[in-house]
């Protein structure tokens with residue numbers, strides 16, 4: 001099953017990238033991150049939810065390579081609703097912490113999808129906007 005998901009993501013992700021950060025589908029964003037080993041720049045479509053001065057990202061497949069990259073990097077940018085947000089390295093949240101960012105109907109969907117891990121990232125530009 002895991003290899004099927006990886007194979008489908010290989011074709012699905014390029015199709016979604018054009019829509020994901022545009023704002024047409026507000027639950028999608030594009031996260032630009034640098035590979036820990038390769039140093040290459042990657043763009044990954046993700047589901048996202050704004051939360052306070054950052055974002056919460058459900059991790060349906062757990063701590064993937066892109067997630068590890070975001071947790072280790074200082075140059076991550078999230079494109080959401082047509083805007084770029086620079087974010088600090090992320091941290092993992094457990095189910096209870098992560099679900100707090102979502103309204104009740106979406107929490108039910110997360111449970112049905114068996115999503116138990118989340119990545120929280122804080123905007124580094126939030127402090128400058130508040131001033």
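The values are calculated or read from the model by the stated rules, or taken from the named source; none is laboratory data. Treat the numbers as computed from the prediction; the structure is a model and nothing was measured. Backbone-built Cβ (ideal geometry, glycine too); neighbour counts: all protein chains shown.
Taken as a whole, the structure leaves residue 33 outside the set of residues that are surrounded by fewer than 18 Cβ atoms within 10 Å (Cβ to Cβ), part of a strand (DSSP E or B) and modelled with pLDDT of 90 or more.
For residue 108, the test of being surrounded by fewer than 20 Cβ atoms within 10 Å (Cβ to Cβ), touching a helix residue (DSSP H, G or I) at 6+ places or on another chain (Cβ under 9 Å) and more than 18 Å from residue 26 (Cβ to Cβ) is failed. Scanning segment 18-30 for residues that are farther than 17 Å from residue 118 by Cα and assigned to a loop (DSSP other than H, G, I, E, B) yields a total of 6.
Does residue 45 count as surrounded by fewer than 20 Cβ atoms within 10 Å (Cβ to Cβ), touching a strand residue (DSSP E or B) at 6+ places or on another chain (Cβ under 9 Å) and in a strand (DSSP E or B)? So residue 45 fails the test. When 64, 76 are checked against the criterion of being out of contact with any strand residue (DSSP E or B) (no Cβ under 8 Å at 6 or more places or on another chain) and without any contact (Cβ under 8 Å) to a residue 60 or more places away in the chain, 64 stands alone in meeting it.
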